[in-house]
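Following this message is one structure expressed as structure tokens.
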Amino acid sequence: MEEAIEKLAPAVEEASDGRAKVRWLCARMLDANENLMGAVRKYLKSIADSEEVKTCLTEIWNEWREQGISQEKVSDDMAAVFIRKAEDLCRGVVVFENKAYNWKDRKLDRIFTSKATGFPIMFLVLLGVFWLTITGANYPSQLLSNVLFAIEDRLTIAADAAGVPALVSGLLIHGVYRVLAWVISVMLPPMAIFFPLFTLLEDFGYLPRVAFNLDRCFKRCSACGKQALTM
């Protein structure tokens, strides 16, 4: 990357007319970040339109391809460099009184995001949540159904005794009330079980680890791991 930056820097410097931080811009252009490239085309047209810059970038990317270096690896390595630099800066200004303050989290990370154990644990946990939701909801659902439909029968008897026209009682009791009773008895119990369980998994820090595990899979279809949670 250093060699590539040195090769690209003169062309970028000449095209930018001193309006950009050359080294930083070279690194980001080699990263081929689409957002940044869009900004370059919008705000630094002289660089975006420079044939010398385009030619230099193409030569560098071709050399990398010949060496078996993918664009994804370049992006990952560059991100790692920035992170290591940030860590070095952090170590120079932050003092840890207890250096083992997060050893439990790191231990859990090794278990929950490991290639060997991460996916089996994830499948078992999510399977457990869904099983609890579906099986556990059957009992309160049946109880709610019995209570609400018993009330429907009483409402029907009361409407008949009060002389309410069959059209009105059928519309309000066998129509509106019955639909509400079905929706509440079928949907409320699983929601009341699933969402608290999902919230607990999020609070315990497990769902971010699921997102991390699935990030590579989702990137293959131009998404990110966080979208696994909504899916």
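The values are calculated or read from the model by the stated rules, or taken from the named source; none is laboratory data. Not measured: the values here are computed from a predicted model. Note that we place each Cβ from the backbone using ideal geometry, even for glycine, and neighbour counts take in every protein chain shown.
Just wondering, is there one or more residues in the range 163-177 that are aromatic (F, W, Y) and either surrounded by fewer than 16 Cβ atoms within 10 Å (Cβ to Cβ) or at pLDDT below 90 (or both)?
Taking the range 163-177 as the starting set, the residues that turn out to be aromatic (F, W, Y) are 177.
Narrowing the set further to residues that are either surrounded by fewer than 16 Cβ atoms within 10 Å (Cβ to Cβ) or at pLDDT below 90 (or both) leaves none.
No, the range 163-177 contains no residue that is aromatic (F, W, Y) and either surrounded by fewer than 16 Cβ atoms within 10 Å (Cβ to Cβ) or at pLDDT below 90 (or both).
Among the candidates T230, T199, single out the residue that is of a type in the set (V, I, T), surrounded by 11 or more Cβ atoms within 10 Å (Cβ to Cβ) and under 18 Å from V129 (Cβ atoms). Even if it seems obvious, please write down each step before you answer.
Numbers: T230 fails: surrounded by 11 or more Cβ atoms within 10 Å (Cβ to Cβ).
Within the list T230, T199, the selection yields T199.
From K73, K85, K42, which residue is in the same structural domain as R19 (by TED's automatic domain parsing), among the basic types (K, R), on the phi < 0 side of the Ramachandran plot and exposed (fewer than 10 other Cβ atoms within 10 Å of the Cβ)?
K42
Residue-wise test of (1) out of contact with any Ser or Thr (no Cβ under 9 Å at 6 or more places or on another chain); (2) among the basic types (K, R).
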residue	(1), (2)
V12	no, no
S16	no, no
G38	yes, no
K42	yes, yes
E52	yes, no
W61	yes, no
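Looking only at residues that are aliphatic (A, V, I, L, M), assigned to a helix (DSSP H, G or I) and touching a Leu at 6+ places or on another chain (Cβ under 9 Å) in the range 140-164, which one is farthest from A192 (Cα to Cα)? Walk me through it before giving the result.
So in the range 140-164, the residues aliphatic (A, V, I, L, M) come out as 143-144, 147-148, 150-151, 155, 157-159, 161-162, 164.
From what's left, assigned to a helix (DSSP H, G or I): 143-144, 147-148, 150-151, 155, 157-159, 161.
So of that shortlist, the ones also touching a Leu at 6+ places or on another chain (Cβ under 9 Å) come out as 144, 148, 155, 159.
On the way: L144: 13, L148: 18, L155: 27, A159: 33 Å.
Filtering first and then ranking leaves A159.
Restricting the range 10-27 to residues that are closer than 19 Å to E59 by Cα and crowded, with 16+ Cβ neighbours inside 10 Å, which is nearest to the chain's Cα centre (by Cα)?
Start the filter on the range 10-27 by keeping residues that are closer than 19 Å to E59 by Cα, which leaves 10-15, 22-23, 25-27.
From what's left, crowded, with 16+ Cβ neighbours inside 10 Å: 11-13, 15, 22, 25-27.
Details: A11: 38, V12: 35, E13: 38, A15: 38, V22: 33, L25: 28, C26: 30, A27: 27 Å.
Among those that are closer than 19 Å to E59 by Cα and crowded, with 16+ Cβ neighbours inside 10 Å, it is A27.
A further question on this structure: Considering each residue of the range 118-162, count those that are of a type in the set (S, T, Y) and surrounded by 13 or more Cβ atoms within 10 Å (Cβ to Cβ), and give that number.
Applying the first criterion (of a type in the set (S, T, Y)) to the range 118-162 yields 133, 135, 139, 141, 145, 156.
Those left that are additionally surrounded by 13 or more Cβ atoms within 10 Å (Cβ to Cβ): 133, 141, 145, 156.
Counting residues in the range 118-162 that are of a type in the set (S, T, Y) and surrounded by 13 or more Cβ atoms within 10 Å (Cβ to Cβ) gives 4.
Out of K42, K107, K73, K54, which single residue is farther than 30 Å from A211 by Cα, within 32 Å of the chain's Cα centre (by Cα), part of a helix (DSSP H, G or I) and among the basic types (K, R)? Working first, answer last.
Details: K107 fails: farther than 30 Å from A211 by Cα; K73 fails: farther than 30 Å from A211 by Cα; K54 fails: within 32 Å of the chain's Cα centre (by Cα).
Residue meeting the stated conditions: K42.
Can you spot a residue in the range 49-61 that is within 24 Å of R216 (Cβ to Cβ), surrounded by 15 or more Cβ atoms within 10 Å (Cβ to Cβ) and modelled with pLDDT under 90? Spell out the reasoning first.
Initially, the range 49-61 is screened for residues within 24 Å of R216 (Cβ to Cβ), giving 61.
Then drop every residue that is not surrounded by 15 or more Cβ atoms within 10 Å (Cβ to Cβ), which leaves 61.
With modelled with pLDDT under 90 added as a condition, the list becomes 61.
Scanning the range 49-61 turns up at least one residue that is within 24 Å of R216 (Cβ to Cβ), surrounded by 15 or more Cβ atoms within 10 Å (Cβ to Cβ) and modelled with pLDDT under 90.
Let me ask you something else. With the requirement that a residue be charged (D, E, K, R), over 9 Å from the mean Cα position of the chain (by Cα) and either closer than 29 Å to S75 by Cα or crowded, with 18+ Cβ neighbours inside 10 Å (or both), what does the range 203-227 give you? Even if it seems obvious, please write down each step before you answer.
The initial filter retains those residues of the range 203-227 that are charged (D, E, K, R), namely 203, 209, 215-216, 219-220, 226.
Now narrow it down to the ones that are over 9 Å from the mean Cα position of the chain (by Cα): 203, 209, 216, 219-220.
Within the range 203-227, R209, R216, K219, R220 meet the criteria.
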